[in-house]
Amino acid sequence: MSNAQLQSAKTNAGESDYDSNALMGLAQLMSRVFAGEDLALEAQQLLQRAGEGDAIALMDLSVLLQLRGDEATGVALQQEALSIQQHFQLIPKVPQSPLKVLALMAPGNLMTNTPLEFLAEGAGFQLDLLYISPDLPRPLHLPEHDVAFVALSELERNRESLDLINSMIADWPRPILNKPEALLCMGRDQISYRLQDMPGLDVPINAIVNRDQLAYLCIHPGELKQVLSDAEFPLIIRPLDSHAGNDLACVEDATALLEYLQSTAGELFYLARFVDYRSADGQFRKYRIMLINGEPHLAHMAISDHWMVHYLNAGMMESEVKRKEEADTMASFSQGFAQKHRAALRKIYEVSGLDYLGIDCGESPNGDLLVFEVGASMNVHAMDPVDIFPYKQPQMQRLFTAFESMMLGEHLNFRIARRRAAAPFSEPPRGEPGQAVGG
């Protein structure tokens with residue numbers, strides 16, 4: 001890390017006497033930041049330990065700085081930590097499961113990997129993080145685990161790491177979920193094309209276009225269908241690999257498209273048709289649904305008067321009426337929304353090839369499931385204040401338990417299959433390192 005980056009870390013860190021040697025991890029740190037806690041004391045101690053070459057402290061400080069908005073320094077600290085070690089362990093505050101899950105991760109910012117830390121903390125299982133990348137040494141041995149999970153998101157920048165992991169898993173010694181071959185086909189453009197013309201689904205095509213093509217469309221808007229066959233203005237546009245609404249816009253016409261290009265960096269963009277999905281009351285409703293082994297679970301439902309619905313800015317905390325509707329939707333989800341769209345949700349699960357994935361969606365004016373995004377790395381959590389959202393904790397606990405049950409089922413099925421295939425079969429003693437990776 002450069003002197004400038006270290007100074008930036010000091011400036012952001014504040015004062016502290018934090019002295020834990022355990023990895024705090026994303027779930028704990030984000031929950032405390034979300035709750036408004038002052039982590040200056042912990043940050044200072046992390047900074048001191050990081051200066052002594054403590055990889056665990058470097059990783060925690062990396063997460064904390066990114067949560068505070070200093071992504072560049074946070075990613076630099078992560079790189080320094082990974083130069084020391086590539087394996088990190090998270091132990092839940094309340095261990096409730098015997099399961100040991102190994103998450104295969106890629107280096108990068110907080111959008112790079114599926115945030116399994118929240119699931120592990122919620123379900124109470126041990127989570128080991130192993131970072132794999134063409135820029136890192138290939139691990140010679142695996143940490144002990146019951147099930148492995150490829151946690152990389154489907155971002156373009158992860159493709160080389162996914163290819164590398166794909167080359168390693170042929171003789172993997174344990175079950176492995178969300179396999180890279182499926183993730184490699186989950187780009188926003190890819191999945192939108194694969195879900196076209198299916199009953200009950202409305203999935204706007206997301207085309208990848210470059211800046212020159214968009215500039216041409218600003219002058220020749222009549223040729224839009226040469227780029228995007230199902231669209232006309234207004235259009236949804238965002239830079240490639242952007243998430244959480246960053247630089248996401250709805251452009252009404254060619255003039256607005258030109259203004260967007262002049263104000264937004266990047267060379268490649270996703271372009272899609274805009275769907276006015278507001279309900280009869282003029283509000284937009286967005287659902288985040290997680291498919292766990294094919295079964296849908298509602299993570300949240302946000303209501304807003306703006307088409308770009310994000311839970312944090314939809315006014316859910318301020319509106320008892322909105323929260324009441326979300327609570328009712330959660331209570332009736334299995335018999336209501338999920339049942340109505342069961343065939344469409346099942347088709348998404350089958351086409352994706354993933355064991356665990358998320359869907360951000362609404363309902364189109366004709367009642368179809370309107371899909372905004374399908375991906376493996378959507379965040380689900382139980383951070384919302386219990387006094388304001390008392391209905392969410394039980395709902396999220398059901399989701400966390402379903403995830404743990406899926407993983408445990410894979411582990412048990414694997415053991416049964418091994419015993420049937422080779423008798424007598426004896427597993428390696430617990431506590432010893434696993435087999436070599438990739439033969």
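The values are calculated or read from the model by the stated rules, or taken from the named source; none is laboratory data. Since this is a predicted model, take the numbers as computed values, not measurements. Cβ placement follows ideal geometry from the backbone for every residue including glycine, while neighbour counts extend to all protein chains displayed. In case anyone asks, the SASA skips ligands and DNA or RNA and just uses the protein heavy atoms, side chains included. Shrake-Rupley method; radii C 1.70, N 1.55, O 1.52, S 1.80 Å.
Restricting to region 304-318, name every residue that is assigned to a helix (DSSP H, G or I) and among the hydrophobic types (A, V, I, L, M, F, W, C). Correct list: Leu312 only. Only one of the numbered conditions (1) among the hydroxyl-bearing types (Ser, Thr, Tyr); (2) within 22 Å of Met383 (Cα to Cα); (3) open to solvent by 30 Å² or more (accessible area, probe 1.4 Å) is violated by Tyr287, and that is (3).
Filtered by the rule that a residue be out of contact with any strand residue (DSSP E or B) (no Cβ under 7 Å at 6 or more places or on another chain) and surrounded by fewer than 19 Cβ atoms within 10 Å (Cβ to Cβ), region 193-217 gives Tyr193, Arg194, Gln196, Asp197, Met198, Pro199, Arg211, Asp212, Gln213, Ala215, Tyr216. Just one of the listed residues (Ala423, Ala436) is at pLDDT below 90, over 26 Å from Pro143 (Cβ atoms) and not basic (Lys, Arg), namely Ala423. Among the helices (runs of 4 or more DSSP H) confined to region 319-364, the ones with at least 2 residues that are among the aliphatic types (A, V, I, L, M) and surrounded by fewer than 21 Cβ atoms within 10 Å (Cβ to Cβ) are located at 320-332, 342-352. For region 100-128, taking the residues that are part of a loop (DSSP other than H, G, I, E, B) and open to solvent by 20 Å² or more (accessible area, probe 1.4 Å), the one that is farthest from Val380 (Cα to Cα) is identified as Pro107. Restricted to region 263-283, and to residues there that are of a type outside the set (S, T, N, Q) and over 21 Å from Ile205 (Cβ atoms), the residue that is modelled with the lowest pLDDT is Ala265. Scanning region 385-394 finds one or more residues that are modelled with pLDDT of 95 or more, closer than 24 Å to Glu117 by Cα, surrounded by 18 or more Cβ atoms within 10 Å (Cβ to Cβ) and not hydroxyl-bearing (Ser, Thr, Tyr).
Residue-by-condition table, conditions (1) within 23 Å of Glu160 (Cα to Cα); (2) over 20 Å from the mean Cα position of the chain (by Cα); (3) not aromatic (Phe, Trp, Tyr):
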| residue | (1), (2), (3) |
| --- | --- |
| Leu61 | no, yes, yes |
| Asp70 | no, no, yes |
| Ala76 | yes, yes, yes |
| Phe88 | yes, no, no |
| Lys93 | no, yes, yes |
| Pro98 | no, yes, yes |
| Thr112 | yes, no, yes |
| Gln126 | no, no, yes |
| Leu129 | yes, no, yes |
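Of the residues Leu26, Leu65, Leu77, the single one that is assigned to a helix (DSSP H, G or I), out of contact with any Ser or Thr (no Cβ under 7 Å at 6 or more places or on another chain), surrounded by 23 or more Cβ atoms within 10 Å (Cβ to Cβ) and not acidic (Asp, Glu) is Leu26. Step by step: first the residues of region 256-271, then only those that are assigned to a helix (DSSP H, G or I) and of a type in the set (Gly, Ala, Ser), then the one that is surrounded by the most Cβ atoms within 10 Å (Cβ to Cβ). Which residue is that? Once the filter is applied, the top-ranked residue is Ala256. The lone criterion from (1) in contact with a helix residue (DSSP H, G or I) (Cβ under 7 Å, 6 or more places away or on another chain); (2) hydrophobic (A, V, I, L, M, F, W, C); (3) closer than 17 Å to Asp241 by Cα left unmet by Leu155 is number (1). Taking the conditions (1) over 17 Å from the mean Cα position of the chain (by Cα); (2) over 30 Å from Arg398 (Cβ atoms); (3) without any contact (Cβ under 8 Å) to a residue 24 or more places away in the chain in turn, Leu235 satisfies each one other than (3).
Do we have any residue at all in region 69-78 that's under 24 Å from Gln126 (Cβ atoms) and at pLDDT 95 or above? Yes, region 69-78 contains at least one residue that is under 24 Å from Gln126 (Cβ atoms) and at pLDDT 95 or above.
Checked against (1) surrounded by fewer than 22 Cβ atoms within 10 Å (Cβ to Cβ); (2) at negative phi; (3) small (Gly, Ala, Ser); (4) free of Cβ contacts under 8 Å to residues at least 24 places away in the same chain, Ser97 passes all but condition (4). Only residues that are within 20 Å of Gln226 (Cβ to Cβ) and in contact (Cβ under 8 Å) with a residue 40 or more places away in the chain were counted in region 242-280, giving 11.
The residues in region 290-311 that are surrounded by fewer than 19 Cβ atoms within 10 Å (Cβ to Cβ) and under 26 Å from Ala256 (Cβ atoms) can be counted, and the count is 5.
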